Amino acid sequence: MGLLKKLTRPISRVLDKLVPNEIKPALPFLAAAAPFMAPGIMGIGGNTMLSRALVSGGLNLGAQLAQEGSEGEFSPLSVALASGIGALTTPGSPGKAIGVDKPVAGFDSPVYASGTQTPSAAQFLEGKAAGMKPGFIKSGLEGLATGSEKLIGLSEGLATDGILSKAGAKALSIPLTQGTIDLATAETRRLEKEQAREDALAAAEGLADDADRALAIRQFMEAAGYFSEDEIAETISAAGYKDGGIIGLQVEMIEGKKDGGLMDLGGKEMDLRGGGFVPIGKKEKADDVPARLSKNEFVMTADAVRGAGGGNINEGAKRMYETMNRLEARA
């Protein structure tokens, strides 16, 4: 979900700021209950199976992204489940049939056959299955139609008898279950990431200098597989290990400013008199970082660092440091 996370992470951060922490735990339950209790919201877009699927799935996604520590991560399975429930709870209503100008073959309802009623999801699926030969697809559509009938019945029972009724309790059992799972998943993910951060910091404490500590934290968090570059950089910075190491996706050994002069780098300054990587700059080979070098010093390019690691920039950094320390000991 790397590319998708680039889109969802900014949304998650906005929701995290806008939604009060006291309300966040309730959002998964409210989103899951919408197909049963919020006909106005679910009617956005025409109250068709497609529009209800999009609305229900969107509410679920928003509820997940708003949770503390989401950072753009969410469960696609939960979104798919919510979308399915939204579609399958589509009620019938007066008007033209969904997306068709003539009755679906095999559907035997006189009302629907006259073209004067929009079929419910159950009726629509039954009509599609009726015109098919026996087989897996036909059985699947019939199964979905049966499930849809039950979901629609629960919605109607809730609307008629209220939340405190037996029908209401049955109807709310589904959103309660889904909301609980979504909330538990979000909390588990948050705790796992916090523990991974603590483990990364603990692993770095025994190392000799800040550059090694920063590199150790980066390697530990990258190995975990669910931290973004910004999260890694923020963890290293918060720990106070700003010198040395690799603190950015776009990294390069100092090549110097080709056109001369100094640049405004937002107050950032590094002391690399002992060697190390440069975390500032726009991208590799941009030559946008001013370099203050001394006589007889030698600078490597980013490609050389990557080559030293067999294509892995982190492994290359580690080997470069080892080479530098080993050669300095022989001087």
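The values are calculated or read from the model by the stated rules, or taken from the named source; none is laboratory data. Fair warning: this is a prediction, and the values are worked out from it, not measured in the lab. All Cβ positions, glycine included, derive from the backbone under ideal geometry; neighbour counts span all protein chains shown.
Observations on the structure shown:
- Being at pLDDT below 90, more than 19 Å from L172 (Cα to Cα) and assigned by TED's automatic domain parsing to the domain that holds S139 is a condition met by no residue of the range 25-42.
- Check on S78, of a type in the set (S, T, Y), crowded, with 18+ Cβ neighbours inside 10 Å and touching a Ser or Thr at 6+ places or on another chain (Cβ under 7 Å): no
- Qualifying residue in the range 167-181 (condition: more than 29 Å from Q67 (Cβ to Cβ), free of Cβ contacts under 8 Å to residues at least 40 places away in the same chain and over 19 Å from the mean Cα position of the chain (by Cα)): yes
Each row is one residue, and each column tells you yes or no for (1) at pLDDT 85 or above; (2) part of a helix (DSSP H, G or I); (3) more than 26 Å from A34 (Cβ to Cβ).
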position	(1), (2), (3)
S83	yes, yes, no
K102	no, no, yes
A105	no, no, yes
D108	no, no, yes
A129	yes, yes, yes
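- Here the condition is being among the hydroxyl-bearing types (S, T, Y) and in contact (Cβ under 8 Å) with a residue 40 or more places away in the chain; of S237, S228, it holds for S228 alone.
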